[in-house]
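Take a look at the structure set out below.
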Amino acid sequence: MSIPDQPGFAARDARLLIPALGPFYAAMAPISSALLRVVFGLTIVTHGVPKLLGTAHGSMADPMAGSTALIGRVLDLPFAPQLALFVALLETFGGLAVAVGFAVRLFAPMLAVQMAVICLALGPTYPWIDRGIEYPLILGFIALWIALQGGGRWSVDRLLGREL
């Protein structure tokens, strides 16, 4: 496996402790990227759909009201109901788009920004069990990684032959 040429870094080969695994790792790289993209996207969808349908999500009886309150009261932003609807639509349709690999470089950064805003709203507490930023922080970095990687080999973007 090679480390790509980058300014300030010399290209070299990383030696595997078990060289026989090299072909497996090479074959699995695009599959694992696609699986991460699908699981991430569908995880995000599970947060958007209950908001749009007005159903409970976990211990939250009304996730749309919770989002509206977070946006309006905690972040002190105007147009909280409209922004909450935007978030619900982004989570539902943006999450689906990322899952299938459509417009990944449009939706994944939007989801990364959403996760950063959630971290600002919930911080500085870290553990998720205490309503901290642990969960949105990792989701935000996954979204950023997906945005930088693009849809990959198994994506609608690849089938269309276009991406941002």
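The values are calculated or read from the model by the stated rules, or taken from the named source; none is laboratory data. Everything numeric in this text was worked out from a predicted model, so none of it was measured. Neighbour counts are summed over all protein chains in view; Cβ atoms, including those assigned to glycine, are modelled from backbone coordinates with ideal geometry.
Any chance segment 81-91 includes a residue that's over 20 Å from ALA143 (Cβ atoms), in a loop (DSSP other than H, G, I, E, B) and not polar (S, T, N, Q)? No, because not a single residue in segment 81-91 is over 20 Å from ALA143 (Cβ atoms), in a loop (DSSP other than H, G, I, E, B) and not polar (S, T, N, Q). Could you please let me know if ALA29 is under 27 Å from ASP157 (Cβ atoms), surrounded by fewer than 17 Cβ atoms within 10 Å (Cβ to Cβ) and more than 17 Å from the chain's Cα centre (by Cα)? So ALA29 passes the test. In segment 133-158, the residues that are among the hydroxyl-bearing types (Ser, Thr, Tyr) form Cβ pairs under 7 Å with partners that are modelled with pLDDT of 95 or more and not in a loop (DSSP other than H, G, I, E, B), at six or more places apart or across chains, as follows: SER155/VAL104.
Scanning segment 4-26 for residues that are surrounded by fewer than 10 Cβ atoms within 10 Å (Cβ to Cβ), at pLDDT 90 or above and either within 30 Å of LEU159 (Cβ to Cβ) or among the aromatic types (Phe, Trp, Tyr) (or both) gives a single hit, PRO23.
The set of residues from segment 84-131 being among the aromatic types (Phe, Trp, Tyr) and within 13 Å of HIS47 (Cα to Cα) comprises PHE86, PHE93. Take THR68 and tell me if it is farther than 30 Å from LEU159 by Cβ, assigned to a helix (DSSP H, G or I), among the β-branched types (Val, Ile, Thr) and at pLDDT 95 or above. Considered against the rule, which asks whether it is farther than 30 Å from LEU159 by Cβ, assigned to a helix (DSSP H, G or I), among the β-branched types (Val, Ile, Thr) and at pLDDT 95 or above, THR68 comes out as yes.
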